[in-house]
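Have a look at the structure below, then the notes.
Every read-out reported here was derived from the displayed coordinates using simple, explicitly stated rules and does not represent laboratory data. Bear in mind that the values here come from a model prediction, so they are computed numbers and not experimental data. Glycine gets a Cβ as well: all are built from the backbone with ideal geometry, and neighbour counts include every protein chain shown.
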Amino acid sequence: MKNTWPLPRLALWAALGLVLIVAALWAAVWALNVRGESPIPADAAPFVATPQQVERGAYIARAGNCATCHTARGGAAYAGGRGLETPFGTVFSSNLTPDDATGLGRWSAAHFWRAMHHGRSMDGRLLYPAFPYTDYTLVTREDSDALFAYLRSLPPVAQARPAHALRFPYDTQAALAVWRALYFEPARFEAVADRPADWNRGAYLVRGLGHCSACHTQRNALGASELGLQLGGGLIPVQNWYAPSLLSADEAGVAGWSAQDVVDLLKTGRSARGSAMGPMAEVVARSTQHLDEADLRAMAVYLQSLPQHGARRSRAAAHADGAAAEQPNSRGAKLYEQHCAQCHGAAGEGAAGLYPPLAGNRAVTMDSAANLVRIVHGGGYLPATAGNPRPFGMPPFAHVLDEADTAAVVSYVRGAWGNDAAPVTPLEVLRLRPGALR
């Protein structure tokens, strides 16, 4: 009689081994998700805010630009409900007013600190990183308590958060736990001893409260910031605006600017060296224009200290190496003359204080043409600020120019008057429309 028992036994051991491996991996994920957390005391004394905390918290809320995400269009301030589109679906912001049923009314300062520092809600649920706790983890407990004090001082608004509309498996806590195990580690801001106080303050604002890396850093396929490319520039998903690199003089690096130029840009949305449009205009309007001069100057000091990458290889240099020069873009030149020259000048010289020059403008010549395409299609608007209450804007041309026309005029501007940026194709223009996923 043939003996068949070893095969079932081997299969049983293999299955048991697989179960143990899965259990070990899940235990590791769980441990990584709770590292550094302390139990929330059930009998903590009621939180009593001082007037100074509330005032400080209002300032911190502006520095963190909290109202922008936590206020729905036409809704009450900080009551949440705004849909934040991501490549994985839509996440809706939560209610930060002190309503007991739908807001922070039953939260303690410790619960709020855990959300800021660990990305975990009052009920223990893991929060999606559309709430940038990956940056806010650097915020101090003192500032977290002050922000909580301010939010508790707001009028309560009864408004439940809509259910997130995320695709499977991104809508599961298990998937989020794995993501956090891979890409999130709670941290604290540590001042650098050999740096001056204003540099450290600027680093805290840029890396923590200001969460600049949330936009100015490239994201991978799972939506995590590329750790080795912090502030190195990245396309903002779904919006398809490009947040330029703060580490490159060819993009948004300010090492060669004066500190006052940086302060002016953050305070008014315009300086002698550049202007803010797109999502950055919203940041200036709702956040940085409200910061005090000392904090803006501290941010300037830090941003100017960032290491700068070398200048990119120009298209002209490529031609000098034997690349075939392109034929003159007559279609683009005609479209420019018809739609653009009246404001920006026949030679792209612009008009001082009114219309920016296009010749030699790094917003035009940087490698990514995303912002130029977006501005041609949707218009370009500086923020209205106390220092620039009536900014000039550019009207949209999406109703006049199709993809081929847009590609032609953008390519012309990127290659005329000594500009040396690569041309743009109609397909690239189509892919850069709002909502298009690349």
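Give me the net charge of ASN33's neighbourhood, meaning all other residues with Cβ under 14 Å from the Cβ of ASN33; Lys, Arg count +1, Asp, Glu -1. The answer is +3. Let me check I've understood the local charge: for ASP123, count other residues with C-beta under 12 angstrom from its C-beta, Lys and Arg +1, Asp and Glu -1. What total comes out? With Lys, Arg at +1 and Asp, Glu at -1, the net is +4. Loop only by DSSP, 13 or fewer other Cβ within 10 Å of the Cβ. Give me the GluC sites (Glu not before Pro) in the range 37-131 that pass, ordered by residue number. Hits after loop and neighbour filter: GLU37. Quote the FRET efficiency, to the nearest 0.05, computed for GLU55 versus SER330 with a Förster distance R0 of 45 Å and r equal to the Cβ-Cβ distance. According to the calculation, E is roughly 0.15.
The alpha carbons of the chain give a radius of gyration and a Dmax of 25.3, 98 Å, in that order.
Helices in the chain, meaning DSSP H runs of at least 4 residues, each add -39500 (n - 2.57). Divided by all residues, the mean residue ellipticity at 222 nm is -11500 deg cm²/dmol.
Placing pseudo-labels 7 Å out from each Cα toward the beta carbon at GLN342 and ASN220 gives an inter-label distance of 5.0 nm. The length gained by stretching the chain between ASP292 and VAL48 to full extension, at 0.36 nm per residue less their Cα-Cα distance, is 85.2 nm.
A Gaussian network model of the chain, with springs between Cα atoms under 10 Å, assigns the largest mean-square fluctuation among GLN338, GLN239, GLN53 to GLN338. Seen against the Cα atoms of the chain and their longest principal axis, helix 293-305 is set at about 80 degrees. Entry note, the range 197-305: relative contact order of 30 percent, from Cα contacts under 8 Å with a spacing of 6+ residues. Across the range 330-431, counting alpha-carbon atoms alone, Rg and Dmax equal 13.2, 42 Å. You can think of it this way: the chain between LEU182 and ALA386 has 69.1 nm of extra reach, that is 0.36 nm per residue less the Cα-Cα gap.
Ordering ARG414, ARG125 from the fewest to the most neighbouring beta carbons within 10 Å gives ARG125, ARG414.
Using 18 Å as the cut-off for backbone N distance, which residues of the range 111-125 belong to the label zone defined by a point 7 Å from the Cα of ALA191 along Cα→Cβ? Residues passing the 18 Å test: none.
With each label modelled as a point 7 angstrom along the Cα→C-beta vector, the SER38-ASP367 pair spans 4.5 nm.
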